[in-house]
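A short worksheet on the structure shown next.
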Ligand SMILES: Nc1ncnc2c1ncn2[C@@H]1O[C@H](COP(=O)(O)OP(=O)(O)OP(=O)(O)O)[C@@H](O)[C@H]1O
């Protein structure tokens, strides 16, 4: 039944979308396999060069700038039409900032951003308006990113209002089509966010992001606020929508096991820099940057055959240094077990050491040493990591078991009518807890700003400027600010 539903939804795709999908029909398993081998010659949709975002730190009566948080500090990458680029890294490494800058919700401090060959780095708010249709963002928090006072119909149709677009057949019909496309019922049109569970709310956020038929969707931790079983369903939905609509994704996640399933290529960020950028297979099978290797070793492998075998985990000892004054040379040298003098003094460039695999490291793993003359380890290197050898027992692979379980569940649900099954179960849940949630939402709405996705930013400097930009960008904050009259 789910298949029927999906087919119906696919059939309902408007001609432009179908054409776009055909245009970028390379979102197929074969296409993915080719790309994994590095034979990707598709058109570049987004090109980022030397991108920087520094947040000034000001002090004193005159508010003089005394330092800056170098959240993104000179990164280069490309995203090709129809592909999914995963961006991973520890908390605070600049992933979200990068996402907000490439969607032009925040202004970059330096570097250039090209979209479809056009420089969009310093477009004015007015000139950015048409671009908002082509680039959309999905936010992490499915609870905070939807205005509790607006109906689902009003939330999903907000982009049409803000852009002055009248879809063929009318707004209501188009919103209902979008709801169906993301596995919700068109009858949910008049309901309120508190009546839905996390997974359903994220589907609503996805429907809103797709309303204007964007070419690029930047998803910032799209599933990290959801239960593991629901995560797999939302990830599968995004994957299906990509194939149906020919979307291009940049998916930001701190969790490697999420991007692993959906990405063609993965960029690993550390303290505002990309330290490795490679196709998924190379990155998982032969990571080159020691940081990537450490991140990988912490990811449980969902392979039942490996249970009972020994596995080695690399535990990085030191804390992530401050992005206000990042370490000299290679930023990872203070936590790297391979660091030598050159790592402290010279910043390694991001070089393609194997086809399709770029790394910024003087002493990479699985590749020729770039500074073989430099052999004496720094004293910090000797104590940088702890190797933990453990037996992969079922208990220790709990994470992987969960992933498997989630995948099995998602597959079963997909076969047995995924969206409806989930929707029904979730509506039951939501109905059960509806009252309590309604009270909370109401209180949040009346109190002030709800638990917004922009809440974190609101606590930071530059927040108001961001909020304004976000408002223009049809972000949830825009919705909310309108309704609260702020
Ligand atoms: N508006 C802001 N003003 C000042 N500093 C900021 C602002 N936004 C982000 N930062 C800082 O920039 C750095 C990168 O933050 P960012 O949110 O981009 O990281 P992240 O990798 O997405 O982390 P997380 O996964 O925790 O969101 C952090 O040190 C953060 O405190």
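Listed values, structure above:
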| quantity | calculated |
| --- | --- |
| Pairs, first closer than 18 Å to residue 206 by Cα in the stretch 159-173, second in a loop (DSSP other than H, G, I, E, B), C-beta under 6 Å, six or more apart | 159/211; 159/212; 159/474; 162/474 |
| Total residues in the stretch 219-246, condition more than 16 Å from the chain's Cα centre (by Cα) and either part of a loop (DSSP other than H, G, I, E, B) or not assigned by TED's automatic domain parsing to the domain that holds residue 116 (or both) | 2 |
| Test: residue 99 is in contact with a strand residue (DSSP E or B) (Cβ under 6 Å, 6 or more places away or on another chain) and at pLDDT below 95 | no |
| Residue 225, sole failed condition from (1) out of contact with any strand residue (DSSP E or B) (no Cβ under 9 Å at 6 or more places or on another chain); (2) closer than 25 Å to residue 76 by Cα | (2) |
| Enumeration of residues in the stretch 53-63 that are surrounded by 12 or more Cβ atoms within 10 Å (Cβ to Cβ) and either more than 12 Å from the ligand (Cβ to nearest atom) or over 19 Å from the mean Cα position of the chain (by Cα) (or both) | 54, 55, 56, 57, 58 |
| Every pair of residues 6+ apart whose Cβ atoms lie under 6 Å, when the first sits in the stretch 121-144 and is more than 18 Å from residue 217 (Cβ to Cβ) while the second is modelled with pLDDT of 85 or more | 121/112; 121/113 |
| Residue that is within 16 Å of the ligand (Cβ to nearest atom) and touching a helix residue (DSSP H, G or I) at 6+ places or on another chain (Cβ under 6 Å), where the choices are 276, 221, 244 | 276 |
| Members of the stretch 78-108 found to be assigned to a strand (DSSP E or B), away from the ligand (no atom under 11 Å from the Cβ) and within 22 Å of residue 223 (Cβ to Cβ), listed by number | 79, 84, 85, 86 |
| Any chance residue 356 is farther than 30 Å from residue 227 by Cβ, in contact with a helix residue (DSSP H, G or I) (Cβ under 6 Å, 6 or more places away or on another chain) and modelled with pLDDT of 90 or more | no |
| Residue list for the stretch 109-133, restricted to those being under 18 Å from residue 247 (Cα atoms) and part of a strand (DSSP E or B) | 114, 115 |
| Any hit, the stretch 255-266, residues being touching a residue at least 24 places away in the same chain (Cβ under 8 Å), more than 15 Å from the ligand (Cβ to nearest atom) and in a strand (DSSP E or B) | yes |
| Residues that are in contact with a strand residue (DSSP E or B) (Cβ under 6 Å, 6 or more places away or on another chain) and away from the ligand (no atom under 13 Å from the Cβ), drawn from the stretch 138-156 | 138 |
| Single match in 195, 244, 174 (criterion: within 20 Å of residue 84 (Cβ to Cβ) and out of contact with any strand residue (DSSP E or B) (no Cβ under 6 Å at 6 or more places or on another chain)) | 244 |
| Scan of the stretch 356-389 for residues that are within 33 Å of the chain's Cα centre (by Cα) and in a strand (DSSP E or B), ordered by number | 357, 358, 359, 385, 386, 387, 388, 389 |
| Residue within the stretch 107-116 that is under 19 Å from residue 206 (Cβ atoms) and in contact with a strand residue (DSSP E or B) (Cβ under 9 Å, 6 or more places away or on another chain) present | no |
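The values are calculated or read from the model by the stated rules, or taken from the named source; none is laboratory data. Keep in mind that what you see is a predicted model, and the values were worked out from it rather than measured. Note that each Cβ is placed from the backbone with ideal geometry, even for glycine, and that neighbours are counted across all protein chains shown.
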